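Have a look at the structure below, then the notes.
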Amino acid sequence: MTFRQMGITHYKCTGYRYHTHMNVSSKPERTRLSAEDWELAALQLIAEQGVGALAVEALARQLGVTKGSFYWHFRTREALLHAALERWEQYGEREVLGQIEQISDPRKRLPELFRRVAHELQPHRVYAALLKALDHPQVVPVMARVSQRRMEFLTTAYREAGLAPPQALNRARLTYAAYVGFLQLNFTLGLPRLNHEEFDAYVEHMITTLIPA
């Protein structure tokens, strides 16, 4: 079912702090959708169906416009994919890690990171989809940068929380492995999902297990 068929006149993606209204009857098509609209719609499609499903015609149909709207902002599908992945990467850097870094107490930083990340559903779905596309030339460098940045952040956070450098690095590896593994179990292998209470209990268990007392 498309956005148009669902009667949606505004597109909202809370995971990316985005909200805009589109009045399709009062604007020329080329100004109806911004580049941001296309990037967010692309990320939504990637999260739901994977990188391979990203196609200009299908996305235009889902958004209720013609392909002309797309070509006003992007020359190719690859250009859209590049912009969408860049938006996803910058969101994690700015809205998650950047905000956690502002917490002055290092012992409060890690628990807050765990709880914040746990409830960022849409970025997780994109990440899980990208894990399935590690043979794609545009996906590989993005995932490498994101993983390196997150590992560096975790290692620093654990070191500032009191662990010696070698221990901090190992704990960061364990934490990131647990994160990736959880996504694989839920989004790739299709195991039964946890309900809200079970998931919150799991997050608190991770905090207790991985963060130094």
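For the reader, a short list of remarks on this structure follows.
- Of everything listed in (1) modelled with pLDDT of 90 or more; (2) within 30 Å of residue 204 (Cα to Cα), the single unmet condition for residue 104 is (1).
- Within segment 56-75, residues that are without any contact (Cβ under 8 Å) to a residue 24 or more places away in the chain have Cβ atoms under 7 Å from residues that are β-branched (Val, Ile, Thr) and in a loop (DSSP other than H, G, I, E, B) in these pairs: 60/66, counting only partners at least 6 apart in sequence or on another chain.
- Within segment 193-211, one or more residues are of a type in the set (Val, Ile, Thr) and loosely packed, with under 12 Cβ neighbours inside 10 Å.
- Candidate set: segment 157-196, residues that are among the polar types (S, T, N, Q) and in a helix (DSSP H, G or I); chosen: the one farthest from residue 209 (Cα to Cα): 188
- Residue check for residue 20: at pLDDT below 95, polar (S, T, N, Q) and in a strand (DSSP E or B): yes
- Of all the criteria given as (1) touching a residue at least 60 places away in the same chain (Cβ under 8 Å); (2) closer than 20 Å to residue 89 by Cβ; (3) surrounded by 15 or more Cβ atoms within 10 Å (Cβ to Cβ), the one not satisfied by residue 111 is (2).
- Note on segment 50-81: among residues that are of a type in the set (Val, Ile, Thr) and outside any helix (DSSP H, G or I), the one that is nearest to the chain's Cα centre (by Cα) is 76.
- Evaluation of residue 145 against (1) at pLDDT below 95; (2) surrounded by fewer than 14 Cβ atoms within 10 Å (Cβ to Cβ) (one fails), failing number: (1)
- Matching residues in segment 148-185 - criterion: being among the basic types (Lys, Arg) and surrounded by 15 or more Cβ atoms within 10 Å (Cβ to Cβ): 150, 159, 171
- Residues that are touching a helix residue (DSSP H, G or I) at 6+ places or on another chain (Cβ under 8 Å) and part of a loop (DSSP other than H, G, I, E, B) within segment 93-139 comprise 101, 103, 120, 132, 133, 134, 136, 138, listed in sequence order.
- Of all residues in segment 129-142, those that are surrounded by fewer than 19 Cβ atoms within 10 Å (Cβ to Cβ) and either among the hydroxyl-bearing types (Ser, Thr, Tyr) or touching a residue at least 24 places away in the same chain (Cβ under 8 Å) (or both) total 6.
- Pair list, Cβ < 7 Å and 6+ apart or interchain, from segment 173-184 residues that are assigned by TED's automatic domain parsing to the domain that holds residue 204 and of a type in the set (Phe, Trp, Tyr) to residues that are part of a helix (DSSP H, G or I) and surrounded by 14 or more Cβ atoms within 10 Å (Cβ to Cβ): 176/150; 176/151; 176/154
- Hey, residue 148 within 30 Å of residue 41 (Cβ to Cβ), touching a Cys at 6+ places or on another chain (Cβ under 8 Å) and assigned to a helix (DSSP H, G or I) or not: no
The values are calculated or read from the model by the stated rules, or taken from the named source; none is laboratory data. All values reported here derive from a predicted model rather than from experimental measurement. So basically every Cβ, Gly included, is an ideal-geometry build from the backbone, and we count neighbours across all protein chains shown.
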